[in-house]
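A short write-up of the structure that comes next.
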Amino acid sequence: MNLRFIVPAIVAGLLLNAAPASACPFCSPTGTTLTGEVAQADFILFGTLSNATRDKSDPGSQKGTTELSIELVIKPHDLIKGKKSITIPRYVPPDGKSAKHLIFFNIFNGQLDAYRGEAVPADSKLPEYLKGAMEVKQKDIITRLRYFFDYLEDPDIVVSSDAYSEFGYAEYKEVREIGSKLPPAVLLRWLKDANTRGSRFGLYGLLLGHCGKPEDAKAIRALLDDKDKAYTSGLDGVVAGYILLDPKAGWEYLIGLLKDKTKDFPVKYAALKTIRFFREFRPDVIPPADTLAAIKMLIEDADIADMPIEDMRKWKLWEETPTVLALAAKESHGGTPIIARAILKFAIAASWADPKNTAAAEYVVAAKKKDPKRVQFLEEVLKDEQKPPTPPAGTVKKDPPKAGG
């Protein structure tokens, strides 16, 4: 039994929160990063456990004590200043495997609470990594990301997963800036490596797109064309990297994916995410007219149509109302509830945004005659989406400035 006495593991404990909308476009970070956890702990120690003693009055519980020989203080506190060891108020028997432990402590009502622990292999870089992460915590984001880059493929999954999350929570403008400063050969090697986790390909492809050379575009294309290499995850970021390095050839490749009717849904969805990226973040590379043309190709595919229709609504492309409403006449679209819902939401939003949009207004009126409750429900959904976020408790609401003030 190891010291995972509150949560199964640091990684499992982090799989909670989704990334914010402005985060890295092709990353899927989860939970709180370790530097975030550091901020919450009163102190953090690394060392060896010994002398585990169970409380005899409650032999079935973890009540008892265990000694921790302190080898490294990750986060200091006056309580452990100058100490070589500390007694943990918990029974943690040795498991015969784990040589070292990293332990997070809080002091609650004067009591010591070892609330989180992680068994660490003797050769793990976790203590070194965490100590370094704390040292760069107050530095600029580019310095911090450059530090975490060196640990993205660390063999310790706790370390590499945390480094990946640090990139995942960074905004695209920050990922773009650090990307231009990274070694393309390393990123290309990771993309080629069969041992690289699929969840990383999107990030690595995107980063390579910002630091690579023309020949790297050809290398990415060779990987995309390699049938044995087929990316099951991260295709979006790899294609985006290809387009960034060679916009003409890369965009032609993406359009080829859209035209290929044999492609499965994951490929179509990856293509959609790539289109979103260039429309929302890099219209300087792919003009809006081209991303719109690609989106209009996707809405014809009933397998994924609801998603690009929702994108068109969020992008407020009300001039495309005739194109969207025409889809309702298709049995493949109008007869599919999830697509019909997306079309109706677009029509409602378009009628609200432009009183002169008679086509959208008439579509909504007709829908109300068929199913008024459905329309009312979707109107409420859209109203909720448009509501400004609720200010934090205690925030003083300020009156708008007076004219001329």
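The values are calculated or read from the model by the stated rules, or taken from the named source; none is laboratory data. Model, not experiment: these values are computed from the prediction. Note that we place each Cβ from the backbone using ideal geometry, even for glycine, and neighbour counts take in every protein chain shown.
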> For segment 129-144, what are the residues that are farther than 21 Å from GLY179 by Cα and without any contact (Cβ under 8 Å) to a residue 12 or more places away in the chain?
Replying inline: GLU135
> Restricting attention to segment 303-331, and to residues there that are of a type in the set (Gly, Ala, Ser) and in the same structural domain as ILE348 (by TED's automatic domain parsing), which single residue is farthest from the chain's Cα centre (by Cα)?
Replying inline: ALA329
> Is segment 137-159 home to any residue that is in contact with a strand residue (DSSP E or B) (Cβ under 7 Å, 6 or more places away or on another chain) and assigned to a helix (DSSP H, G or I)?
Replying inline: yes
> Would it be correct to say that LEU206 is aliphatic (A, V, I, L, M), touching a residue at least 60 places away in the same chain (Cβ under 8 Å), assigned to a helix (DSSP H, G or I) and within 20 Å of PRO247 (Cα to Cα)?
Replying inline: yes
>> Go through segment 333-362 and report how many residues are out of contact with any helix residue (DSSP H, G or I) (no Cβ under 6 Å at 6 or more places or on another chain), in a loop (DSSP other than H, G, I, E, B) and surrounded by 15 or more Cβ atoms within 10 Å (Cβ to Cβ).
In response: 1
>> Anything in segment 44-77 that is in contact with a Pro (Cβ under 6 Å, 6 or more places away or on another chain) and either free of Cβ contacts under 8 Å to residues at least 12 places away in the same chain or over 15 Å from PRO89 (Cβ atoms) (or both)? List them, or say none.
In response: PHE46, LEU72
>> Just the residues that are part of a helix (DSSP H, G or I) and among the charged types (D, E, K, R), please, taken from segment 160-185.
In response: ASP162, GLU166, LYS173, GLU174, ARG176, GLU177
> Of all residues in segment 190-200, which are in a helix (DSSP H, G or I) and farther than 14 Å from PHE149 by Cα?
Replying inline: LEU191, LYS192, GLY198, SER199
>> Take the residues in segment 220-273 that are closer than 25 Å to VAL186 by Cα and of a type in the set (Ser, Thr, Tyr); name whichever of them is surrounded by the fewest Cβ atoms within 10 Å (Cβ to Cβ).
In response: THR232
>> Being closer than 20 Å to ARG276 by Cα, surrounded by fewer than 18 Cβ atoms within 10 Å (Cβ to Cβ) and modelled with pLDDT of 95 or more: is that true of GLU319 here?
In response: yes
>> I need the strands (runs of 3 or more DSSP E) fully contained in segment 16-103, keeping only those with at least 3 residues that are modelled with pLDDT under 90.
In response: 43-54, 64-75
>> Could you tell me how many of the residues in segment 277-291 are crowded, with 18+ Cβ neighbours inside 10 Å and either in contact with an Asp or Glu (Cβ under 8 Å, 6 or more places away or on another chain) or under 19 Å from TYR172 (Cβ atoms) (or both)?
In response: 6
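Restricting to segment 247-270, and then to whatever is in a helix (DSSP H, G or I) and of a type in the set (Lys, Arg), can you tell me which residue is nearest to GLY209 (Cα to Cα)?
Going through the qualifying residues, I end up with LYS248.
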> When the residues of segment 107-128 are filtered to those that are part of a loop (DSSP other than H, G, I, E, B) and touching a residue at least 24 places away in the same chain (Cβ under 8 Å), which remaining residue is surrounded by the most Cβ atoms within 10 Å (Cβ to Cβ)?
Replying inline: SER124
